[in-house]
């Protein structure tokens, strides 16, 4: 009888161990995808920020050449006006990319924490009860269910971008003098 109880306990532990190892694999795959998304978004954001700097430099140059001192004067210069519009659009994109990077980094941190907890639990699997393991698996599934669909979406969408006013862009550029 005692042998049957011990065998059943070992079998249950093996099933939980296998389940936790599967979750470790799923987490690892998701972390890899999130890291790729972060790298892509960061590289894109850096390129856009360089373009913003170049356009802001052109605005400064035109402002100095044409002795422009106010936003009202600036919008009469077509080059400044179009550069401000482009900067406005690009800053919307960079802001959205920054939010997505932060979101993906947060997911990676949660996954790292869960990975550590799985490893700790695997060391202690025989002493944990099924309820504790089930709670951990549930938390893992919640995180996976949130972030896996996000990895299949585009890094950002135009609907989620908040646009600054052209005058605000002008003031930000002028403040960097």
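The values are calculated or read from the model by the stated rules, or taken from the named source; none is laboratory data. Everything numeric here is computed off the predicted structure, so don't read it as measured data. Because the Cβ atoms are built from the backbone with ideal geometry, glycine has one as well, and the counts that use them run over all protein chains shown.
Values computed for the structure shown
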quantity	calculated
Residue check for residue 144: under 14 Å from residue 20 (Cβ atoms), at pLDDT 85 or above and either loosely packed, with under 12 Cβ neighbours inside 10 Å or within 23 Å of the chain's Cα centre (by Cα) (or both)	yes
Selection count, region 161-177, where residues are over 14 Å from residue 62 (Cβ atoms) and assigned to a loop (DSSP other than H, G, I, E, B)	6
Candidates 105, 31, 35, 49 - the one that is more than 12 Å from the chain's Cα centre (by Cα) and either at pLDDT 95 or above or farther than 23 Å from residue 171 by Cβ (or both)	49
Residues of region 159-177 satisfying the condition of being exposed (fewer than 11 other Cβ atoms within 10 Å of the Cβ) and under 25 Å from the mean Cα position of the chain (by Cα)	159, 162
Region 106-118, residues that are touching a helix residue (DSSP H, G or I) at 6+ places or on another chain (Cβ under 8 Å) and either farther than 20 Å from residue 150 by Cα or surrounded by 14 or more Cβ atoms within 10 Å (Cβ to Cβ) (or both)	107, 108, 110, 111, 114, 115, 117, 118
Meets criteria (in a helix (DSSP H, G or I), at pLDDT 90 or above and over 22 Å from the mean Cα position of the chain (by Cα)) for residue 62	yes
Residues within region 128-161 that are touching a helix residue (DSSP H, G or I) at 6+ places or on another chain (Cβ under 7 Å) and under 26 Å from residue 79 (Cβ atoms), tallied	1
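Listed here are the residues, each with its yes/no results for (1) closer than 22 Å to residue 158 by Cβ; (2) crowded, with 18+ Cβ neighbours inside 10 Å.
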{"position": "60", "(1), (2)": "no, no"}
{"position": "68", "(1), (2)": "no, yes"}
{"position": "75", "(1), (2)": "no, no"}
{"position": "78", "(1), (2)": "no, no"}
{"position": "87", "(1), (2)": "yes, yes"}
{"position": "95", "(1), (2)": "yes, no"}
